[in-house]
1. Mind checking which helices (runs of 4 or more DSSP H) fall wholly inside the stretch 52-164 and carry at least 2 residues that are under 26 Å from Lys718 (Cβ atoms), among the hydrophobic types (A, V, I, L, M, F, W, C) and at pLDDT 95 or above?
2. Does any residue of the stretch 465-477 turn out to be more than 29 Å from Val549 (Cβ to Cβ) and among the basic types (Lys, Arg)?
3. Being in the same structural domain as Val231 (by TED's automatic domain parsing) and free of Cβ contacts under 8 Å to residues at least 40 places away in the same chain narrows it down to one of Leu426, Leu452, Leu416, Leu387, so name that one.
4. Mind checking which pairs have a first residue in the stretch 40-56 that is assigned by TED's automatic domain parsing to the domain that holds Ala153 and a second that is basic (Lys, Arg), Cβ under 7 Å, 6 or more apart or different chains?
5. Considering each of Tyr744, Tyr740 in turn, give the residue that is free of Cβ contacts under 8 Å to residues at least 60 places away in the same chain, in a loop (DSSP other than H, G, I, E, B), not small (Gly, Ala, Ser) and not assigned by TED's automatic domain parsing to the domain that holds Ala183.
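The values are calculated or read from the model by the stated rules, or taken from the named source; none is laboratory data. Everything quoted here is computed from the prediction, not taken from an experiment. For neighbour counting, all protein chains shown are included, and Cβ atoms are generated from backbone atoms with ideal geometry for every residue, glycine included.
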Amino acid sequence: MRRELSLWTFCCLVVALLPSQTASVAVMSVDLGSEWMKIAIVKPGVPMEIVLNKESRRKTPVAVCLKENERLFGDGALAVSVKNPKFVYRYLQNLLGKKGDNPQVAQYKKYFPEHQIETDEKRGTIYFKYSEEIQYSPEEILGMALNYSRGLAQDFAEQPIKDAVITVPAYFNQAERRAVLNAAQMAGLKVLQLINDNTAVALNYGVFRRKDINSTAQNVMFYDMGSGSTVATIVTYQTVKTKDMGTQPQLQIRGVGFDRTLGGFEMELRLRDYLAKLFNEQKKSKKDVRENLRAMAKLLKEAQRLKTVLSANAEHTAQVEGLMDDIDFKAKVTRTEFETLCADLFERVPGPVQAALGSAEMSMDEIEQVILVGGSTRVPKVQEVLLKAVGKPELGKNINADEAAAMGAVYQAAALSKAFKVKPFLVRDAAVFPIQVEFSRETEEEDGTKSLKHNKRILFQRMAPYPQRKVITFNRYTGDFVFYINYGDLSFLGEQDLRVFGSQNLTTVKLSGVGESFKKHADAESKGIKAHFNMDESGVLLLDRVESVFETVVEEKEEESTLTKLGNTISSLFGGGSSEPAQNATEPVQDEEEVPPEASKDEQTEKGESASEKQDEKPEGEPEEKKAGEDGSDSKAEAQGEKEAKPEKTDDGGKTGDKEDKEDKEASDKKAKSQKKSKISEEIGVQLEVNDVPNPSPEDIDVSKKKLQDLTNRDLEKQEREKALNSLEAFIFETQDKLYQEEYQAVVTEEEKEEISGKLSEASNWMDEEGYSANTKELKEKLSELKKLCKSMFFRVEERKKWPDRLAALDSMLNHSTVFLKSMKLLPEDDQIFTEVEMKTLEKVINETMTWKNDTVAEQEKRSPTEKPVLLSKDIESKISLLEREVNYLLNKAKFTKPKTKPKAKDKNSTNTEGSKGNSSSADSEKVIPPKDESTDKVDGEEVKPAQEPPTVENTGGESESESQPKPTDESTETSENDKAENHIGDEL
């Protein structure tokens, strides 16, 4: 009974862990580039697949068109950008997390002068002014694009999707990463992780080369030149040992170098301006083409095509029909001219490589391979300059330059999702920008004057791996204070990059309740104010909590008896018998790392500071040690059990006896053992002030969500109306055409035909006058009215189409049933396995079905085709099912019935018969057909039957009563009459 219960419990647990059939388990990834986005999904049965958009393309432009009554995305938006660029928003990546005075905002205004960009006074960021009442922030427009990507993924996966991994450039700072997260939140996406794009590429590269990764470190550089920027990333592949998963492959980002403005888009802009210059030189128009926004949009589109063609051809002709004032433009452009236009850009190609090597502290000799990623690396001049810079025999092109990031990100999404189990591949990303904590404290000089000293503690070094937790301890504060979280040394960035970077100050942290915690625990020893930081998987820094920690010594209770311990242990197993821990008790955090104290340079080089002052005035963050003799006790000696204490001297200068020494030692040991240190923590109030780019408030997020949802609902309503309009138009035209087809003319009277034709003409006229402006409800009602009018006509036509196949199937079933009945009756009386009632029941069903068929077909032939038919296809199917059920029942009975064995008389040749048993085949001796389970299912194309109880085998020497095949007997060489009959039935059928 106990075994059965545990098995039942195990089965219940397994069922509970299985995902629901209706649950959404698919996950997606979005490789969010400046010009294109690639979407990938993972769902049960579809591992890592790129999503096709509505145009069946594998990549979609990051473009949103906002008109008065509609929104367009992707290629549809790009088509509008040529005709009306004012309503199309693109290349939003450079605007995320930027304030209005950022150089990239000014550059965007120069590239796209058709947009009216204003500054948000509340946050300092920018927004697009669509009209006097409507404006959109870059996060909101990006949220629209992300919502559209989710729609494409859901259509492809045929199920809802909420979880996603989104790629971002490695050089995105905290404000830019938060902006992407805010955009995803507005779109209703749950972001599992923001992953750096080259990290996703490296993951995809490593997953498919898992067998090549071993304990020897392999360094690979990925050079990614996309549309808007260029990033070089150095990755180290190596197997590492883990506690939980054993030895697993790992990738670690060692170095990153980037150029924010070096990309294919800048090349296209230069080609666009060059084409505009050529058009002006042709002097076909007195106007300057550069002042015509629509014409410049057309030239930009042609420049994008021209750059691609020149990557494979030495020259090509650019041509635009009706560029301006119905004037066509045509000009030949060579690759040499293109390379001359972009000469200064090509000089910047080696820059990210050198920056990556510098951040990784490596040389090019340590890099085994340089692999190209990104569409702009296909430009021949880029490859030529890069190959010369890296000094390698060749550049690696063994990865899909467009889709590798999306595929790596979706692998990470599957790993993070609870619905899938993938082979582990450890990812250790790196923070490109260092982060430090700064604070000031008051110090006293030699002359008694007080001054403020500014201290800095590095929280995350440059290229520090994450996710990672850190703890900083403040030892010198007993009251409320303020500290700052800022970026560290950014001297490795150029002057232009620093201006684009924005504010180097992240957050001001104001703490409250510090003094109250010290008053509350005045008798305890302070261990400082501990601030717990977390840089999560997305590279976003969070301040988890701040607490004031104290340590106190408590008396340990006397040792309990063995019986008491046993009782407490048993009680604790059932959730009782043990007291709850103290409310403020702090458990040690295993994955947190204490930031080591480090004196600032000013402290170390300060003049006039004595050695004693340096010793007493320790840097912030270092736990203080209690001096001996304080508070009337030597804590250090006490903790050591006073092992080093000197023996007391008597009045005459002699030492005490050994007995007294022993007693004192035992007393002190007992005292030390009875004392136990306990930590107490008090939560400290935290107020954060964001200094770089403030996040939108929760109210603003809700407003943006509603704004986007209203636009989505409007789009859905429009699609529903267009669907209803198209359905009504198609029904009218198709039905008008059907009225002239023979099969429809045969089933309608002239009066019915005239009525239907009149209603269709009336509906067609209504469509021309009012239909195209009618709402969805009116269109659906009109369609429903017409379908109801034509329902009987369609029914008669459909029935007449189904009759031949259905009647043929019924005749076939009647013939087989009749043959089967005859075979049943031919069985000898001794071998008969069917009862008289069973045979009569089958005969009755056959006769009744035959009679029904003949009578109904005869009645139908008497009726006119325009009348309602009495011969219905559903009735024919019902009769076929009834016959199949009866025959299948009898067939199963024949299969599962055991053959009867007859006693055989002894003869002189019994020995020969026994000898022949060994030569008889098991196929002849075993005629029992195992039961066939009709409820088989298919999994991955293979037939899988439900589990059955194994046959019971008893070691008694007798015949088993299970449904397994019988043991061969002396009669196994002969075929029974029952077997012959069964074979005969099978032959007849």
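1. 138-157
2. no
3. On the way: Leu426 fails: free of Cβ contacts under 8 Å to residues at least 40 places away in the same chain; Leu452 fails: in the same structural domain as Val231 (by TED's automatic domain parsing); Leu416 fails: free of Cβ contacts under 8 Å to residues at least 40 places away in the same chain.
On inspection, the qualifying residue turns out to be Leu387.
4. Pairs that qualify, where the first residue is assigned by TED's automatic domain parsing to the domain that holds Ala153 and the partner is basic (Lys, Arg), are Ile50/Lys38; Ile50/Arg58; Leu52/Arg58.
5. Working: Tyr744 fails: in a loop (DSSP other than H, G, I, E, B).
Only one candidate qualifies: Tyr740.
Rundown of residues vs (1) part of a helix (DSSP H, G or I); (2) touching a Ser or Thr at 6+ places or on another chain (Cβ under 6 Å); (3) among the acidic types (Asp, Glu); (4) over 19 Å from Trp36 (Cα atoms), yes/no style:
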site	(1), (2), (3), (4)
Arg270	yes, no, no, yes
Asp273	yes, no, yes, yes
Phe279	yes, no, no, yes
Ser285	no, no, no, yes
Gln304	yes, no, no, no
Gly322	no, no, no, yes
Ala331	no, no, no, yes
Glu339	yes, no, yes, yes
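Here's the yes/no breakdown for (1) among the aliphatic types (A, V, I, L, M); (2) in contact with a strand residue (DSSP E or B) (Cβ under 7 Å, 6 or more places away or on another chain); (3) at pLDDT 95 or above; (4) under 27 Å from Asp197 (Cα atoms):
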site: Thr308; (1), (2), (3), (4): no, no, no, yes
site: Gly322; (1), (2), (3), (4): no, yes, no, no
site: Asp325; (1), (2), (3), (4): no, no, no, no
site: Pro352; (1), (2), (3), (4): no, yes, yes, yes
site: Leu357; (1), (2), (3), (4): yes, yes, yes, yes
site: Val370; (1), (2), (3), (4): yes, yes, yes, yes
site: Arg378; (1), (2), (3), (4): no, no, no, yes
site: Pro393; (1), (2), (3), (4): no, no, no, yes
site: Asn400; (1), (2), (3), (4): no, no, no, yes
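Yes/no matrix, rows are residues, columns are (1) out of contact with any Leu (no Cβ under 7 Å at 6 or more places or on another chain); (2) of a type outside the set (Asp, Glu):
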position: Phe794; (1), (2): yes, yes
position: Met813; (1), (2): no, yes
position: Lys822; (1), (2): yes, yes
position: Asp830; (1), (2): yes, no
position: Glu838; (1), (2): no, no
